[in-house]
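Take a look at the structure set out below.
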Amino acid sequence: MAKEKATLLANYSGLKLEAGLDEAGRGCLAGPVVAAAVILPLDYFHPILTDSKLLTKKQRETLREEICREAVSWAVSEVSPGDIDQINISKASFLAMHQALNQLPTPPEFLIVDGNQFIPYPGIPHACIVKGDRKYFSIAAASVLAKTYRDDIMTKLAEQFPGYGWEQNAGYPTRLHRQAIQEVGTTPYHRLSFRLLPESVNL
């Protein structure tokens, strides 16, 4: 892990205002998909910042504060389960990214996007980078902001809908989550277009 962290780079395009984009919650059965856009200083460096999935909860929380404080500009946006069901998760992820870009106080000159696909944002060139959250600080920062923001949402929703384990699984398809769906049923925050149970597409 230390080797992966050491390889992260501060910039891809050479342009000063380069925004990293990433999402959280794409594979969940419940809750919104959340995306973040982050512009970091051109020479930014952090010794532990990497893909949020490789960090502990405490590390993510500490990094969230530092990113929000040190970034040139940042924004987070979400797309609801209902909208995900209407337009599909791929389009919803890109919509959340576009919405985050719309909210950036400082417009970026270039975008680097985690993954291999993206719907182009009008007027701003981009590059897709597979596993970009383990290669570039700004994408890693976006992954941290998206995940911590989404985890907070799911923890609050878990109080309204106990039994699904959202405070632990954040809506991902764990055994507990699927067992609760089978026994109790769905909530208004479940993605009904997803295969919620292995033996049934629709509940």
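The values are calculated or read from the model by the stated rules, or taken from the named source; none is laboratory data. All of these numbers come straight from a predicted model, not from anything done at the bench. Every residue, glycine as well, gets a Cβ built from its backbone with ideal geometry; the counts of neighbours run over all protein chains shown. Surface accessibility is based on the protein's heavy atoms, side chains included, excluding ligands, DNA and RNA. Shrake-Rupley method; radii C 1.70, N 1.55, O 1.52, S 1.80 Å.
Remark: segment 135-203 projects, on average over all directions, an area of 5.5 nm² (convex hull of Cα atoms). Taking GluC sites (Glu not before Pro) across segment 142-203, the ones in a DSSP loop with at most 11 further Cβ atoms lying within 10 angstrom of their Cβ are Glu199. Each 10 Å bin, from zero up to the one with the longest distance, holds this percent of the alpha carbon pairs of the chain: 10, 36, 33, 17, 5, 0. Rolling a 1.4 Å probe over the protein heavy atoms gives segment 1-89 an accessible area of 47 Å² per residue. Given the options Thr62, Thr155, Thr186, which has the most mean-square fluctuation in a GNM of the chain, springs set between C-alpha atoms less than 10 angstrom apart? The residue that fluctuates most here is Thr62.
Measure up Lys16/Lys135; Lys131/Lys156; Lys58/Lys156; Lys53/Lys91 against 25 Å on the Cα-Cα distance and list the ones that go over. Violating the 25 Å limit, Cα to Cα: Lys131/Lys156. In a reduced charge model with +1 at each Lys and Arg Cβ and -1 at each Asp and Glu Cβ, the chain shows a dipole moment near 440 debye about its Cα centre. At q = 0.11, 0.25, 0.26 Å⁻¹ the log10 of I(q)/I(0) for segment 1-76 amounts to -0.31, -1.40, -1.44, computed by Debye summation with a single uniform scatterer per C-alpha, solvent ignored. When the chain is treated as a Gaussian network with alpha carbon springs shorter than 10 Å, the biggest mean-square fluctuation among Ile39, Ile112, Ile129 belongs to Ile129.
Angle of helix 57-70 to the longest C-alpha principal axis of the chain, folded into 0 to 90 degrees and rounded to 10: 40°.
Ordering Met97, Ala24, Gln182 by the projection of their Cα atoms onto the charge dipole of the chain, which places +1 on the Cβ of Lys and Arg and -1 on the Cβ of Asp and Glu, puts Gln182 at the extreme positive end. Of the trypsin sites (Lys or Arg not before Pro) found in segment 114-203, those in coil by DSSP whose Cβ has at most 15 other Cβ atoms within 10 Å are Lys131, Arg195.
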